[in-house]
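What follows is one structure encoded as structure tokens, with my remarks underneath.
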Amino acid sequence: MICRWLLAAFLAASAGAAFAQEVFPRKPIRFILPNAPGGSNSFVARLIGEKLTAIWGQQVLLDNRPGGHNVIAAEALLRSNPDGHTILLVTASHAINPLLFRDQPYEFLRDFASVGSLTSTQYILAVNATAVPASNLREFVAFAKSKPAQLNAAGSNSGGIQHLALELFNVLAGVKLNYVPYKGGGPGMTDLVGGHVQLAFNNAITLSPHLNSGKVRALAIGGEARSPVLPNVPTFAEAGVGGFNVKNWFGVVAPARTPKTIVKKLSDEIARIQTMPDINDKLVSQGAEPFISGPEQFAAFYKTEMTKFAKIIKVADIRIEH
């Protein structure tokens, strides 16, 4: 009798566990962001989060955890229950940090379950229109050379993707620009518009409102072709600085022990959302490029990006004081 009771209890527990995995989501989803509100991270996460909320009937809550070279946000994910109800927005900076910060408390491919990619964005060199008397990249390079180590660029996180972009540009253009880290694109843009810093390497999502106001001027954009959103802004190569191959990307990860069925459900739904005309149009209208990949493809892409960034770090001789 006892054996039958134990068997029944085991079967009930197993059925309950299976049901818990199949019924997803069962509660609101916490979407952790490694930057302060107001930048491109927030824009992309909000677009996807609002669609997931509408489709699944469970609220997707954005949880901004800036600072610590993305470690604060990553640790929040690592402490969470691996049931798919907590996910993390990752960017190109997550493929750079292990190359510059050896003491990180996590390893990307070991501690995170890749869900998939969201989008990618080219970087634009933008300047404060009042503080920088340059209407094109050649004039800016000449201006920067006349003021070595006197011009400051707003960015997010020391050693992040924007820092890499600036240091590579320093090498390619033969100038010396200073990097000023902020907790996100939003605060950095506030200081750029206010003239507290003179320039920034950022994407169209974050820059567009300020470009339209005339307070900020775009001088060049990354990529092999001009953006349809900013057709009058030349590529770095067109403007006289070749070899600028740095762009940002956004993806989603979950804790490593998240069941594969849940990871797949998240990945499939996010990929489907990206193909929706309204979402695609909103991303493209902000200069973002479609970028869809599943868990395995995203993990492989991450490895490729680490290799590329390692080469840039070596060329630019980037070192971060710990």
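Among the residues of the stretch 83-108, just one is out of contact with any helix residue (DSSP H, G or I) (no Cβ under 9 Å at 6 or more places or on another chain) and either polar (S, T, N, Q) or without any contact (Cβ under 8 Å) to a residue 40 or more places away in the chain (or both), namely Arg102. Gly251 satisfies every condition listed in (1) in a helix (DSSP H, G or I); (2) within 20 Å of Gly116 (Cα to Cα) except (1).
Table: residues versus (1) surrounded by fewer than 24 Cβ atoms within 10 Å (Cβ to Cβ); (2) within 26 Å of Ile48 (Cβ to Cβ).
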position	(1), (2)
Tyr123	no, yes
Val132	yes, no
Lys145	yes, no
Asn152	yes, no
Phe169	no, no
Leu177	yes, no
Val180	yes, no
Gly194	yes, no
Leu219	yes, no
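Of everything in the stretch 46-67 that is in a loop (DSSP other than H, G, I, E, B) and of a type outside the set (Gly, Ala, Ser), the residue that is modelled with the lowest pLDDT is Pro66.
Can you list the strands (runs of 3 or more DSSP E) lying wholly within the stretch 68-177 that have 1 or more residues being within 14 Å of the chain's Cα centre (by Cα) and among the hydroxyl-bearing types (Ser, Thr, Tyr)? Please lay out each step first, then the result.
Numbers: elements: 86-91, 112-122, 124-128, 152-156.
Of the strands (runs of 3 or more DSSP E) lying wholly inside the stretch 68-177, those with at least 1 residues that are within 14 Å of the chain's Cα centre (by Cα) and among the hydroxyl-bearing types (Ser, Thr, Tyr) span 86-91, 112-122, 152-156.
Of (1) touching a residue at least 24 places away in the same chain (Cβ under 8 Å); (2) under 30 Å from Lys176 (Cα atoms); (3) polar (S, T, N, Q), Thr304 satisfies all except one. Which? With respect to (1) touching a residue at least 24 places away in the same chain (Cβ under 8 Å); (2) under 30 Å from Lys176 (Cα atoms); (3) polar (S, T, N, Q), Thr304 is out only on (1).
Selection over the stretch 115-161 of residues that are in contact (Cβ under 8 Å) with a residue 60 or more places away in the chain and within 19 Å of Asp317 (Cα to Cα) gives a count of 5. Ala288 falls short on exactly one of the conditions (1) surrounded by 18 or more Cβ atoms within 10 Å (Cβ to Cβ); (2) aliphatic (A, V, I, L, M); (3) within 23 Å of Ser40 (Cα to Cα); (4) outside the structural domain of Lys51 (by TED's automatic domain parsing), and that condition is (4).
Let me spell it out: the conditions are (1) touching a Lys or Arg at 6+ places or on another chain (Cβ under 7 Å); (2) buried (at least 18 other Cβ atoms within 10 Å of the Cβ), and Leu211 meets all of them except one. Which number is the exception? Result: Leu211 fails condition (1) only.
Within the stretch 215-231, none of the residues are under 18 Å from the mean Cα position of the chain (by Cα) and more than 16 Å from Phe169 (Cβ to Cβ).
The values are calculated or read from the model by the stated rules, or taken from the named source; none is laboratory data. Quantities reported herein were computed from a predicted structural model and do not represent experimental measurements. Ideal geometry is used to build each Cβ from the backbone, glycine not excepted, and the neighbour counts take in all protein chains shown.
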